[in-house]
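Written out below as C-alpha cells is the structure these notes cover.
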Amino acid sequence: MATNQGANAEAIQFHYDTSNDFFSLWLDDGMFYSCARWLDGDETLSRAQFNKLAWYYDRMDLAAGSGLLDIGCGWGGALREAIARQPGIDHQGITLSKEQLQHCQSDAGGNLNAALLDWCDLPADKTYSNIISVEAFEAFAKPDLSKQQRIDAYRGFFETCHRVLAPGGKLGLQTIYLETARSTDTPEFLQKHIFPDSALPELSDVFSAIEGLFSLQDAENAAYDYYRTCRAWQKNMRRRKAEIVDRFGVELYDRFHTYIAMSLIGFHQKTAGLLRLMLTRV
Ligand SMILES: C[S@@+](CC[C@H](N)C(=O)[O-])C[C@H]1O[C@@H](n2cnc3c(N)ncnc32)[C@H](O)[C@@H]1O
C-alpha cells in the first residue's frame with residue numbers, strides 16, 4: 001500500500017477548512033475550486049465549470065456497472081453532475097477536508113456518499129469503472145522530494161488507481177504542472193502560507209509515473225483557461241471584499257487575493273500549465 005508523500009490531513013485542512021462560507025463568497029455556485037473550461041468569451045464561471053466536467057464525462061461511460069470514485073472531491077460538484085447525468089450512479093467521493101465532507105453530506109451538498117479518506121488508504125476490495133480526480137494531484141508530493149522520489153510518489157497514486165479500477169476503466173485527471181518553472185522556484189509564500197507540503201509536478205513526472213499502468217486516451221493543456229478562471233475568482237473577491245474582510249478579516253483576504261494574483265500571472269506567462277488527461281487502465 002502507498003504512503004502519503006505529500007500533504008497530510010493537517011496540511012490540507014490548513015487550507016481547505018478555512019470556512020465553507022469564505023470559499024462560497026468567491027467560487028461559483030457549484031463550489032468548484034479548479035480550472036474551468038471556457039468555450040467562448042461570454043459564458044459564466046458556472047457554465048465554464050460545467051464545460052470542464054463535460055470534457056471528462058463525455059469520455060467516460062457513466063452507465064457502466066460499478067460506478068464512479070472522485071479522489072479529492074472538494075465540495076462535491078463533480079459527483080452532483082455525475083448523478084444528474086446518471087441518476088442513482090454508485091458514487092464515492094473522498095477528501096481530507098472536514099468542512100468539505102460536512103458540505104458533501106448535507107442536504108445542500110446533495111447528501112453524497114463521501115468520506116474523510118486519504119487515497120493511500122482506499123480499500124482494495126471495491127472497484128470502480130471510472131475515477132475522476134481534479135486538482136488533488138498537486139498535493140501528492142512534498143516540495144523537498146527529488147525528481148525520482150516525486151515520480152515514485154505519483155506512481156504510488158497511479159498504482160492505487162489501477163488497483164481500484166475495473167479492467168478498461170477510465171481515470172480522468174486534472175492537474176497544474178510546471179511548464180518553464182521548476183519546483184525549486186516555488187515561492188516560499190505559497191509553500192508556507194497557502195499550500196503547505198505541496199509541490200507541482202513536471203509533465204515528465206506524470207508520464208513516467210503512468211508507464212505500463214495507463215494508456216493515454218486524450219489530453220489538453222489549458223493554461224489560458226486557468227488564467228480566465230483566476231480572473232473570475234479575483235473579480236468575485238474584489239466585488240465582495242468588504243463582506244470578506246468584515247467576516248473573515250483583512251489578513252485572510254490579502255493572503256488569498258495575493259495567491260490568486262500570483263497564479264494568474266503564472267498561467268498568463270506560461271510558467272505553469274493545466275493538464276487535462278483521460279487515461280485508460282491497461
Ligand atoms: C483544489 S481541491 C479540488 C476539489 C475538487 N476536485 C474541485 O474540482 O473543485 C483539492 C482536493 O483534493 C483533496 N485531497 C488532497 N490530497 C488528498 C489525499 N491525499 N487524499 C484524498 N483527497 C485529497 C482535498 O481534500 C480537496 O478536496
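Values in this text are rule-based calculations from the coordinates and carry no lab data. The structure displayed is predicted, hence computed values, not measured ones. With ideal geometry, Cβ positions are generated from the backbone for all residues, glycine too; neighbour counts draw on all protein chains shown.
Given the criterion among the polar types (S, T, N, Q) and over 24 Å from Met60 (Cβ atoms), identify the matching residue among Gln102, Gln86.
Gln102
Answer with yes or no whether Ala11 is under 17 Å from the mean Cα position of the chain (by Cα), over 14 Å from Ala232 (Cβ atoms) and either without any contact (Cβ under 8 Å) to a residue 24 or more places away in the chain or in a loop (DSSP other than H, G, I, E, B) (or both).
Working: under 17 Å from the mean Cα position of the chain (by Cα): yes; over 14 Å from Ala232 (Cβ atoms): yes; either without any contact (Cβ under 8 Å) to a residue 24 or more places away in the chain or in a loop (DSSP other than H, G, I, E, B) (or both): no.
No: the conditions fail for Ala11.
So which strands (runs of 3 or more DSSP E) stay within region 64-166 end to end and still have 3 or more residues that are touching a residue at least 40 places away in the same chain (Cβ under 8 Å)?
Answer list for region 64-166: 68-71, 128-134.
Take the residues of region 14-52 that are in contact (Cβ under 8 Å) with a residue 60 or more places away in the chain, more than 9 Å from the ligand (Cβ to nearest atom) and among the small types (Gly, Ala, Ser): which is farthest from Asp197 (Cα to Cα)?
For region 14-52, the residue satisfying everything is Ala48.
Give region 64-117 a look and list any residue that's charged (D, E, K, R), closer than 16 Å to Asp21 by Cα and buried (at least 17 other Cβ atoms within 10 Å of the Cβ), or say none.
Within region 64-117, Glu99 is the sole residue that qualifies.
Only residues that are basic (Lys, Arg) and touching a helix residue (DSSP H, G or I) at 6+ places or on another chain (Cβ under 6 Å): list them for region 86-108, please.
Answer for region 86-108, where residues must be basic (Lys, Arg) and touching a helix residue (DSSP H, G or I) at 6+ places or on another chain (Cβ under 6 Å): there is none.
Check Leu112, Leu62 and return the single one that is closer than 16 Å to Phe32 by Cα and not β-branched (Val, Ile, Thr).
Answer to the check: Leu112.
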